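The values are calculated or read from the model by the stated rules, or taken from the named source; none is laboratory data. Computed from a predicted model, the values in this text were never measured in an experiment. Every residue, glycine among them, receives a Cβ derived from its backbone with ideal geometry; neighbour counts consider all protein chains shown.
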Amino acid sequence: MASDTLRNDRFLRALRREPTDTTPVWLMRQAGRYLPEYRATRARAGSFLALAKTPELACEVTLQPLARFELDAAILFSDILTVPDAMGLGLYFADGEGPKFERPVGGADDIARLHVPDPETELRYVMDAVRLIRRELDGRVPLIGFAGSPWTLACYMIEGEGSRDFARAKALAWNEPALMHRLLDTVAQAVARYLAAQAAAGAQALMVFDTWGGLLGPAQFREFSLRYHAEVAAALRADPAARTVPLILFAKGANGHLEALADTGCAALGLDWTITLGEARARVGARVALQGNVDPALLLARPEAIRAEVEAAIADFGAHPGHVFNLGHGITPGVEPEHVRTLVDAVHEAGRRIRGT
Ligand code: 1CP
């Protein structure tokens, strides 16, 4: 496989907390609407779902940001909601709106009917995209595969669409915890199987997005989110293809739980921008690598402000191994692509400066 000839392994080395020549950087949503070439491919595809479900097009948009910027990793172009779609919920996008499910999960009968999808048949388009992207990357940088966390996916499955508070999902957790656990258990099996299949297809790192973990209070976070992170991580460690593939866990808004998250068996934690890298490193840096964490809105600022903030973040982490630079959440659509170049180049410059390389 092409992994033998990986020409830029900064990202994987940082995840293993090994020294690197400079700080590696990639950005959540690096392929997306802020890029005119992404908008053109999406228009050609006709819809976001057609784009995500056509491996050649998913591969094309995955590679677009790498053609422009000196990024140190590629991330599979797909969505976390492909898994509930394959579980039978019917994902669709109404015009100009976010994702929705035709058949959200209502109660016990719906939950009992859910099945764990076979990735190589029911999510074949994702596995084909992973294989194609690996071939087209040809060892330039590693490829990241990903999935939503069981809790975050359950939020969308119950609500049927995005929400600010996911009140229906939280109500189910309070009112029928056993039922919620049955749902989370099935979703966790689906997520673990899906991530393991991505590793077998060629993903060189795996990331779990727990975008809505931070909505839960401390005890509920441990019960309904954290526990399933540990289950997914344990399943991956037991899988021959995924065992050696580093796992990055991003639980947005869950900084109160960093120590517990670091003990789930992941290689790295993704951080949002509400904690400093220095504090996070002091708390968990001996156990895991850290990925993050500047405010995505920084990309709306002037180039000098972007450079200053990047410099400050890298100084705050210090000259230790184990930092992957990223935003604290995804790039927003209105960002000027040249600002992304400023940020990426500033990371490599500041990373070299602090190491004296
Ligand atoms: O083209 C478009 O208009 C569709 C917008 C879009 C894009 C570009 C959606 C719909 N998904 C994606 C791609 C996507 N989604 C990636 C691509 C890889 C990358 O470049 O990073 C990834 C990693 C995701 C993951 C994802 N989807 C998350 C977790 C990360 C996060 O942003 O917190 C979540 C919560 C989703 C759900 C989703 N899919 C799309 C939208 C607009 C949303 C948010 C819905 C909501 O809650 O309102």
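Could you go through segment 209-217 and let me know if any residue there is part of a helix (DSSP H, G or I), within 11 Å of the ligand (Cβ to nearest atom), buried (at least 21 other Cβ atoms within 10 Å of the Cβ) and touching a residue at least 40 places away in the same chain (Cβ under 8 Å). Within segment 209-217, one or more residues are part of a helix (DSSP H, G or I), within 11 Å of the ligand (Cβ to nearest atom), buried (at least 21 other Cβ atoms within 10 Å of the Cβ) and touching a residue at least 40 places away in the same chain (Cβ under 8 Å). In summary, ARG44 fulfils each of the numbered conditions (1) in a loop (DSSP other than H, G, I, E, B); (2) within 16 Å of the ligand (Cβ to nearest atom); (3) exposed (fewer than 13 other Cβ atoms within 10 Å of the Cβ) with the single exception of condition (1). Taken as a whole, segment 150-159 holds at least one residue that is more than 20 Å from the chain's Cα centre (by Cα), buried (at least 24 other Cβ atoms within 10 Å of the Cβ), among the aliphatic types (A, V, I, L, M) and part of a helix (DSSP H, G or I).
Okay, residues lined up against (1) touching a helix residue (DSSP H, G or I) at 6+ places or on another chain (Cβ under 6 Å); (2) in a strand (DSSP E or B); (3) more than 24 Å from LEU215 (Cα to Cα):
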| residue | (1), (2), (3) |
| --- | --- |
| PHE250 | no, yes, no |
| GLY253 | yes, no, no |
| ALA282 | no, no, yes |
| GLY292 | no, yes, no |
| ALA305 | no, no, yes |
| VAL310 | yes, no, yes |
| PRO321 | no, no, yes |
| LEU343 | yes, no, yes |
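Among the residues of segment 94-104, the one identified as near the ligand (Cβ under 9 Å from one of its atoms) and at pLDDT 95 or above is PRO99. Applying the criterion of being under 18 Å from ASP272 (Cβ atoms) and assigned to a helix (DSSP H, G or I) to the residues of segment 294-303, the residue that is nearest to the chain's Cα centre (by Cα) is PRO296. So how many residues does segment 67-82 have that are outside any loop (DSSP other than H, G, I, E, B) and away from the ligand (no atom under 11 Å from the Cβ)? Looking only at that region, the number is 2. Residues considered: VAL191, VAL187, VAL116, VAL105. Of these, the only one that is under 28 Å from GLY265 (Cα atoms), touching a helix residue (DSSP H, G or I) at 6+ places or on another chain (Cβ under 7 Å), among the β-branched types (Val, Ile, Thr) and part of a loop (DSSP other than H, G, I, E, B) is VAL116. Take the conditions in a loop (DSSP other than H, G, I, E, B) and more than 9 Å from the ligand (Cβ to nearest atom) and apply them to ARG140. Does it pass? So ARG140 passes the test. Scanning segment 83-136 for residues that are more than 30 Å from LEU179 (Cα to Cα) and not acidic (Asp, Glu) turns up GLY96, TYR125, MET127, ALA129, VAL130, ARG131, LEU132, ILE133, ARG134, ARG135.
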